[in-house]
Amino acid sequence: LGLALLLAVHLVVSTALSVLVALALPWVEARPGGAPARRASLLLGLGLLPALGGLVVALGLALPAWLVHEPRETSETAGPVLVALAAAGAALLLGRVGAALFELWRTSRLVRRWEAAGRPLAGLPFPATRFAHEFPVAAVFGLRRGRLFLADGLLRALSPEELDGVVAHEAAHRAARDNLKRLLLRASPDLLALSKPGVRLRQAFEAAAEREADDRACA
């Protein structure tokens, strides 16, 4: 009964906040100015607000109230409305988190394959691997201590100065922990994440994060 209540409360609160964020997003999109770092932080906060708000209300208000006021000896069971809301909340939670974990697993497999076939690159400010690929891959993988992967085709095409710029850009992503932020947005269990405004919000965050990395690289 308590678990059903928590799942239902999280679903209801996160859905209400999802609607509010979706309504506020056009106002945010209409004001694209300001520092990219500040804009990225704002968009990240808006993207995580529904799920975090639902979690705070469920665990911070509903759970203590249920523990205090619900009799320990009771024959009460969850009604059909509560069961339906709890089932929807559980499906949303498991679906979103499961999809994010599956994507993380697929990426980890790809990275392990690149690392096994590649060779370390020395002289860079953080661990890097060079691997055989004609597509111009330059990306940091990892949530905490990311490793830079650079494709042979890219390295052949760049001058030393251009390579410095690419490395500085990826180092900025690593310092900002953008991979972790993307994963949190990907796993956020709320209806906003499944809606068109949610997709636009994630795209806007990506664009702001890229501009922030460019600014830090140029600096």
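The values are calculated or read from the model by the stated rules, or taken from the named source; none is laboratory data. As the structure is a prediction and not an experimental result, all values here were calculated from the model. Cβ coordinates were reconstructed from backbone atoms using ideal geometry, including for glycine residues, and neighbour counts include every protein chain displayed. Protein only, heavy atoms only, side chains kept; ligands, DNA and RNA dropped before computing areas. Shrake-Rupley method; radii C 1.70, N 1.55, O 1.52, S 1.80 Å.
Among the candidates L49, L25, the residue that is free of Cβ contacts under 8 Å to residues at least 60 places away in the same chain, buried (at least 17 other Cβ atoms within 10 Å of the Cβ) and within 30 Å of D214 (Cβ to Cβ) is uniquely L49.
Of all residues in the range 165-181, those satisfying the criterion of being touching a Phe, Trp or Tyr at 6+ places or on another chain (Cβ under 8 Å) and open to solvent by 50 Å² or more (accessible area, probe 1.4 Å) are R174, K181. Checked against (1) crowded, with 18+ Cβ neighbours inside 10 Å; (2) in contact with a Ser or Thr (Cβ under 8 Å, 6 or more places away or on another chain), S188 passes all but condition (2). Among residues of the range 93-119 that are acidic (D, E), those with a Cβ under 6 angstrom from a residue that is surrounded by 14 or more Cβ atoms within 10 Å (Cβ to Cβ), sequence gap 6+ or separate chain, pair up as E115/T129. With the condition kept exactly as written, say whether any residue in the range 166-176 is out of contact with any Cys (no Cβ under 6 Å at 6 or more places or on another chain) and either aromatic (F, W, Y) or free of Cβ contacts under 8 Å to residues at least 24 places away in the same chain (or both). No, because not a single residue in the range 166-176 is out of contact with any Cys (no Cβ under 6 Å at 6 or more places or on another chain) and either aromatic (F, W, Y) or free of Cβ contacts under 8 Å to residues at least 24 places away in the same chain (or both).
Please find, among L44, L20, the residue that is under 30 Å from L1 (Cβ atoms) and of a type outside the set (D, E). Result: L20 is the single residue among L44, L20 that is under 30 Å from L1 (Cβ atoms) and of a type outside the set (D, E). Among all positions in the range 84-97, there is at least one residue which is under 30 Å from V28 (Cβ atoms), among the hydrophobic types (A, V, I, L, M, F, W, C) and surrounded by fewer than 14 Cβ atoms within 10 Å (Cβ to Cβ). G123 falls short of the stated requirement of being touching a strand residue (DSSP E or B) at 6+ places or on another chain (Cβ under 7 Å) and among the small types (G, A, S). Quick check: is even one residue across the range 99-108 open to solvent by 70 Å² or more (accessible area, probe 1.4 Å) and in contact with a helix residue (DSSP H, G or I) (Cβ under 9 Å, 6 or more places away or on another chain)? There is at least one residue in the range 99-108 that is open to solvent by 70 Å² or more (accessible area, probe 1.4 Å) and in contact with a helix residue (DSSP H, G or I) (Cβ under 9 Å, 6 or more places away or on another chain).
Of all the numbered requirements in (1) free of Cβ contacts under 8 Å to residues at least 24 places away in the same chain; (2) open to solvent by 70 Å² or more (accessible area, probe 1.4 Å); (3) more than 20 Å from the chain's Cα centre (by Cα), P64 misses one, and that requirement is (2).
Could you grab me the full set of residues in the range 189-209 that are under 30 Å from L150 (Cα atoms) and touching a residue at least 24 places away in the same chain (Cβ under 8 Å)?
If the condition is that a residue be under 30 Å from L150 (Cα atoms) and touching a residue at least 24 places away in the same chain (Cβ under 8 Å), then R200, L201, R202, A204, F205, E206, A208, A209 are the ones that fit.
The condition of being over 23 Å from the mean Cα position of the chain (by Cα), surrounded by 14 or more Cβ atoms within 10 Å (Cβ to Cβ) and not acidic (D, E) holds for P136.
Scan the helices (runs of 4 or more DSSP H) fully inside the range 155-219 and keep the ones with 1 or more residues being β-branched (V, I, T). Quick ask: steps written out before the conclusion?
Details: elements: 160-176, 178-187, 196-218.
Correct list: 160-176, 196-218.
Scanning the range 139-164 for residues that are free of Cβ contacts under 8 Å to residues at least 12 places away in the same chain and either open to solvent by 70 Å² or more (accessible area, probe 1.4 Å) or under 17 Å from A117 (Cβ atoms) (or both) yields R156, P160, E161, E162, D164.
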